[in-house]
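Engineer: Have a look at this one.
The values are calculated or read from the model by the stated rules, or taken from the named source; none is laboratory data. Being a predicted model, the structure only gives us computed values, none of them experimental. With ideal geometry, Cβ positions are generated from the backbone for all residues, glycine too; neighbour counts draw on all protein chains shown.
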Amino acid sequence: MDRTTPAASNEEIELYIRTIYSLLRSSGPIRLRSLEESHVGINSSLHHRADGLEIDVAALTYAALRLPACFPDVLLVVMGQMEEVFRRRGYPDVERWQAVAARARRRKLYFDEKKHILAAFIASVSDIDDMVPTMVAYQIEWNKLHQKLNHNHSLRSDLEEAAPRDAAPVADHLLTPEHSERIRIGLGLSEVDFEMLCQLWPGRELVETLRKAAAHRMDTRVNVLGSGLSDYRRSVQNWWQRLDANHTPHLGDRPVYFVSSNNHSLPHLFSGFVRQERQTIIDLILRDRPEGLDEEYHRLVKEAPEQVSNLLYYASRFYLSHGHLGAQAQDRFAQHEAAVGLKRMRNPHSLDVEANVIELSRLRPDGLDPRLGDFSPTEIALLQQSDAVILNIDYPLGMAAYHIFSQVSTAVSDLLGVYIIGKAATLNGRVGDVMIPNVVYDEHSKNTFLFRNSFSAMDVAPYLRYGTVFDNQKAVTVRGTFLQNREFMHVFYEESYTDIEMEAGPYLSAIYEDIYPRRHPLSEIVNIFINAPYDIGVLHYASDTPISRRQTLLSKSLSYLGVDATYATAIPVARRILRQEIARQAGLGTGQSQGRQIVTRGDF
């Protein structure tokens, strides 16, 4: 076996995937319970207690955070790429239904409360790979709750006594320790698991949810309305057309630096709004103490003042949502971003991927984060004559990355760089570490991609306070978070793959098709760094350690814990774009052509 390409085929996982898609080919809805046996059979690392009678609270929490709160009331889930797909299959007004959202997964969802139907907009097969196993896991664990509650009359009495149905709203958070302990013992949960359940459904919500679980078993059905590749492509085309129409000149006519990241880190680094509102945000932190950030502020001021900006960037979300003052701040925020050439596209027609477009010529030197570097008057002048933009998209899920970049590379004539920042699981590090791969094995195409990463450890390490940077890593792009087990991960670990994520492989497949005049191959070793006409940079920060289980954030949001790694990866990307554009403008001034080109590390 070639030591670069792992033989990681797992028969149970492959069987589960084939079962999902064979059943979903049905023209009518299928029951999730028909997938439960295959789901249990894979022994998923996220759901390793699926086949037991005891409640797997970690799996339940993970699934519940990635589905809307209304999911226990859903009888049918319908999936489609855009309004047109729903309309032609008998759901003409889904966007008039109640908009709902999951706490830890960005997906466009609408709920018909009367008919108990959930409409989910999907951007690629990865949404199916992600959502279907998540719903199956939720249903399995919900029905375990039902089983325990339905056969324990004293526990049901405890629920009624803990929070009577006619209690006033002020009783929402008044579960006594005695009631909580009786409920915990009745469910057979450890103190840690019960605390996790209380965090998932706080206060009275826990009692109401358990009452609902006692009242009915979950038997959800699902129907994929449009699964053809053309539907995914049309969805992305609609997204691009709306984005492009909002810019003059059109993005297709501009040199573009493409960044797949989040929708806040690069705008914060470039806009200067938080620096402008710095003292007001500090006052809010010290006065209101959101998430205990006041302690972190005092610590950073004393030990690492250069990192205070990261804290202020994070705390700005509390500032912007702070009642009447927050509304005023939001107005100033929007005006400020517009003044520095930053446009946002929110709530797209079908594809739920936010995009930011940043015009480099309109950036203000005094608004740039100081960590982006010192620029001479000559360099500032070169930036101000630039015609280039940064297209920063809120990183999509799995194969949506392939469809989006294929559309962008087709529409844009002059790509100058492609930079991918995202979360990943690490097999040899800790939460908050940063991994920089130059080898990616893609579970979708079965290709092993070799490429020259624009970044090394020395680019990231100066900005990372709490973690460690590992470069020259090998990453594997998986199809879904539930579609892994410990045997699967150990095969990769034995082949020195330490970085597990969901987008790099699809992006590299699309980059290959942008470079070469044919579709990406299958099951090959693909070397793309030789002919790459632009920068390719991939940076991952760890949010989970699935093998050691020492520390995991899969069952909760990264929250402030992710800020350190987020900006440690965003800063090198922003620095490289600015330096590359200065070099490009200087070259254009001496007669250099403007075609696709790459600026190597030595140029800096």
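Engineer: Taking R518 as meeting all but one of (1) out of contact with any Asp or Glu (no Cβ under 9 Å at 6 or more places or on another chain); (2) touching a residue at least 24 places away in the same chain (Cβ under 8 Å), write down the number of the exception.
Structural biologist: For R518, the failing item is (2).
Engineer: Go through the stretch 436-459 and report how many residues are more than 21 Å from P521 (Cβ to Cβ) and touching a Phe, Trp or Tyr at 6+ places or on another chain (Cβ under 8 Å).
Structural biologist: 3
Engineer: Listed residues Q307, Q328; which is touching a residue at least 12 places away in the same chain (Cβ under 8 Å) and assigned to a helix (DSSP H, G or I)? So that I can check it myself, show each step before the final result.
Structural biologist: Numbers: Q328 fails: touching a residue at least 12 places away in the same chain (Cβ under 8 Å).
Of Q307, Q328, the one residue that is touching a residue at least 12 places away in the same chain (Cβ under 8 Å) and assigned to a helix (DSSP H, G or I) is Q307.
Engineer: While we're here: Among (1) under 24 Å from A565 (Cα atoms); (2) touching a residue at least 24 places away in the same chain (Cβ under 8 Å), there is one condition L225 misses while meeting the rest; what is its number?
Structural biologist: With (1) under 24 Å from A565 (Cα atoms); (2) touching a residue at least 24 places away in the same chain (Cβ under 8 Å) applied to L225, the lone miss is (1).
Engineer: Of the residues R105, R87, R96, R49, which is touching a Leu at 6+ places or on another chain (Cβ under 9 Å), surrounded by fewer than 21 Cβ atoms within 10 Å (Cβ to Cβ) and of a type outside the set (G, A, S)? First the steps, then the outcome.
Structural biologist: On the way: R87 fails: touching a Leu at 6+ places or on another chain (Cβ under 9 Å); R96 fails: touching a Leu at 6+ places or on another chain (Cβ under 9 Å); R49 fails: touching a Leu at 6+ places or on another chain (Cβ under 9 Å).
Sole residue among the options that is touching a Leu at 6+ places or on another chain (Cβ under 9 Å), surrounded by fewer than 21 Cβ atoms within 10 Å (Cβ to Cβ) and of a type outside the set (G, A, S): R105.
Engineer: Of (1) modelled with pLDDT of 95 or more; (2) at positive phi, L508 satisfies all except one. Which?
Structural biologist: (2) is the only condition that L508 fails.
Engineer: Can you tell me which residues in the stretch 68-87 are farther than 16 Å from G28 by Cα, more than 24 Å from the chain's Cα centre (by Cα) and outside any helix (DSSP H, G or I)?
Structural biologist: V74
Engineer: In addition: Is it the case that P92 is more than 26 Å from R49 (Cα to Cα) and at pLDDT 90 or above?
Structural biologist: yes
Engineer: Please give the number of the condition S38 fails out of (1) in contact with a Phe, Trp or Tyr (Cβ under 6 Å, 6 or more places away or on another chain); (2) outside any helix (DSSP H, G or I); (3) surrounded by fewer than 20 Cβ atoms within 10 Å (Cβ to Cβ).
Structural biologist: (2)
Engineer: Taking the conditions exactly as written (assigned to a helix (DSSP H, G or I), assigned by TED's automatic domain parsing to the domain that holds E205 and within 30 Å of S406 (Cα to Cα)), does T61 satisfy them or not?
Structural biologist: On the way: assigned to a helix (DSSP H, G or I): yes; assigned by TED's automatic domain parsing to the domain that holds E205: yes; within 30 Å of S406 (Cα to Cα): no.
Criteria not met by T61.
Engineer: Do we find a residue being closer than 18 Å to H403 by Cα, in contact with a strand residue (DSSP E or B) (Cβ under 9 Å, 6 or more places away or on another chain) and either acidic (D, E) or not assigned by TED's automatic domain parsing to the domain that holds D127 (or both) anywhere in the stretch 520-530? Before the answer, list the steps.
Structural biologist: First, the residues of the stretch 520-530 that are closer than 18 Å to H403 by Cα: 520-522.
Next cut, in contact with a strand residue (DSSP E or B) (Cβ under 9 Å, 6 or more places away or on another chain) only: 520.
Adding the requirement that they be either acidic (D, E) or not assigned by TED's automatic domain parsing to the domain that holds D127 (or both) leaves 520.
So far as the stretch 520-530 goes, yes, one or more of its residues are closer than 18 Å to H403 by Cα, in contact with a strand residue (DSSP E or B) (Cβ under 9 Å, 6 or more places away or on another chain) and either acidic (D, E) or not assigned by TED's automatic domain parsing to the domain that holds D127 (or both).
Engineer: Separate question: For the stretch 316-338, indicate whether the set of residues that are aromatic (F, W, Y), touching a Ser or Thr at 6+ places or on another chain (Cβ under 8 Å) and surrounded by 16 or more Cβ atoms within 10 Å (Cβ to Cβ) is non-empty. Working first, answer last.
Structural biologist: Restricting attention to the stretch 316-338, the residues satisfying the condition of being aromatic (F, W, Y) are 318-319, 333.
Subset that is touching a Ser or Thr at 6+ places or on another chain (Cβ under 8 Å): 319.
Still in the list and also surrounded by 16 or more Cβ atoms within 10 Å (Cβ to Cβ): 319.
Checked against the condition, which is being aromatic (F, W, Y), touching a Ser or Thr at 6+ places or on another chain (Cβ under 8 Å) and surrounded by 16 or more Cβ atoms within 10 Å (Cβ to Cβ), the stretch 316-338 yields at least one hit.
Engineer: Can you go through E443, E494 and tell me which one is acidic (D, E) and over 23 Å from the mean Cα position of the chain (by Cα)? If you could, list the steps in order and put the result at the bottom.
Structural biologist: On the way: E443 fails: over 23 Å from the mean Cα position of the chain (by Cα).
Sole residue among the options that is acidic (D, E) and over 23 Å from the mean Cα position of the chain (by Cα): E494.
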